[in-house]
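Worksheet: one structure, shown below.
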Amino acid sequence: MFDKNSDKRFEFGKNWQQFLNNLTNEQINEAEKSLQDWLGTNTLEGKKFLDIGSGSGLFSLAARNMGANVFSFDYDENSVNCTRYLKNMFYKNDENWQIERGDALDYDYLSGLGKFDVVYSWGVLHHTGNMYQALNNANNMVDENGILFISIYNDQGQASKIWKKIKKTYNDCPKALRGFVLYPCFLRLWGPTTIKDLLKGKPFNTWKNYIKQRGMSPKYDVIDWVGGYPFEVAKPEDIFDFFHNKGYLLEKLYTAGGGHGCNQYVFKKAGFIV
Ligand SMILES: C[S@@+](CC[C@H](N)C(=O)[O-])C[C@H]1O[C@@H](n2cnc3c(N)ncnc32)[C@H](O)[C@@H]1O
């Protein structure tokens, strides 16, 4: 169990700052496209959108571009600043996008925010140190008939336990030594794919097209993956059962297929259990 007083957490916000330094319009478009595809709509006009763990702020921006009234918060001060930076760039002085520092585990803080039509928390709740409490809190934020769009790391059994140790080691290491953890992981994560691309006569094809995955960057995603701690995982059926028992219907699912990525879920709060 993560001890918030003694265990070191990954500085997500610093990584997001680097990511934003190289952000392109194409990435913004890809982020918006992914949100539209997953939510099955091009517009969120008049909808209340909560971004729990907004990170770079890219998906808050995408939701605002789709017309939503957005509330973003993140635990990491630098992530909050990243989200503010994007807002200042595209929606300066806009009252329909609010940003704060907040904790997904803080029930009292969340209770004061009200309910939302769309609650989005992609790649966040497994990094809080208490995933099931965070999942429960996210549930409380969803209005009747509202949508909950989350992604949670896939439980790979023994492999997940090994990754957890690697992540803890990375964060416990002095900064100057972190490369000794990062680079071998980088080779493990990208070596096989790079070789496959070469053999297919399409060198670096996957790397070059990575941007099509939510507008993300392969480089900063590797750092996020290796460093991302605290770290918890869940099997797709565990997350399904958790929300099914709370009266949600599963609308859309993508699984990591046994791999190390995130399983993604769109749930609709139906208020009854089938
Ligand atoms: C992997 S990033 C995902 C960012 C963004 N949701 C996205 O899809 O790009 C995880 C984010 O969750 C934030 N986070 C971690 N624990 C949190 C908590 N208890 N409350 C709110 N945000 C948290 C981190 O600071 C980080 O910005």
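The values are calculated or read from the model by the stated rules, or taken from the named source; none is laboratory data. Every value quoted in this text rests on a predicted model; they were computed, and no experiment measured them. Methodologically, a virtual Cβ is constructed for each residue, glycine included, from the backbone with ideal geometry; neighbour enumeration extends over all protein chains shown.
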Quick one: is D108 within 25 Å of M1 (Cα to Cα), charged (D, E, K, R) and more than 8 Å from the ligand (Cβ to nearest atom)? yes
Take segment 19-30 and flag every residue that is among the polar types (S, T, N, Q) and either away from the ligand (no atom under 13 Å from the Cβ) or touching an Asp or Glu at 6+ places or on another chain (Cβ under 7 Å) (or both). N21, N22, T24, N25, N29
Out of K8, K47, K4, K33, which single residue is among the charged types (D, E, K, R), within 12 Å of the ligand (Cβ to nearest atom) and out of contact with any Pro (no Cβ under 8 Å at 6 or more places or on another chain)? K4
Take the residues in segment 252-274 that are over 30 Å from G13 (Cβ atoms) and surrounded by 16 or more Cβ atoms within 10 Å (Cβ to Cβ), then tell me which one is nearest to the chain's Cα centre (by Cα). K268
Residues of segment 116-130 that turn out to be in a loop (DSSP other than H, G, I, E, B) and either over 21 Å from L39 (Cβ atoms) or of a type in the set (D, E, K, R) (or both), as a count: 3
Quick check on segment 193-215: of everything there that is crowded, with 16+ Cβ neighbours inside 10 Å and in contact (Cβ under 8 Å) with a residue 24 or more places away in the chain, which residue is farthest from A31 (Cα to Cα)? I211
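Just to be sure before I move on: is W190 closer than 30 Å to N29 by Cα, outside any loop (DSSP other than H, G, I, E, B) and not assigned by TED's automatic domain parsing to the domain that holds L253 in the structure I sent?
Details: closer than 30 Å to N29 by Cα: yes; outside any loop (DSSP other than H, G, I, E, B): yes; not assigned by TED's automatic domain parsing to the domain that holds L253: yes.
Yes: the conditions hold for W190.
Output the residues belonging to segment 69-92 that are away from the ligand (no atom under 12 Å from the Cβ) and either more than 20 Å from N140 (Cα to Cα) or not assigned by TED's automatic domain parsing to the domain that holds F149 (or both). Show your work before the answer.
Let us first name the residues in segment 69-92 that are away from the ligand (no atom under 12 Å from the Cβ), namely 69-71, 84-85, 87-92.
R84, Y85, K87, N88, M89, F90, Y91, K92 - these are the residues of segment 69-92 that are away from the ligand (no atom under 12 Å from the Cβ) and either more than 20 Å from N140 (Cα to Cα) or not assigned by TED's automatic domain parsing to the domain that holds F149 (or both).
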Is it the case that K219 is within 16 Å of the ligand (Cβ to nearest atom), free of Cβ contacts under 8 Å to residues at least 24 places away in the same chain and not polar (S, T, N, Q)? yes
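Filter segment 222-246 down to the residues that are of a type in the set (D, E) and within 16 Å of the ligand (Cβ to nearest atom), then identify the one that is nearest to A159 (Cα to Cα).
Of segment 222-246, the ones of a type in the set (D, E) are 224, 232, 237-238, 241.
Applying the additional criterion that residues be within 16 Å of the ligand (Cβ to nearest atom) yields 224, 232.
Working: D224: 17, E232: 12 Å.
Only one residue fits best here, namely E232.
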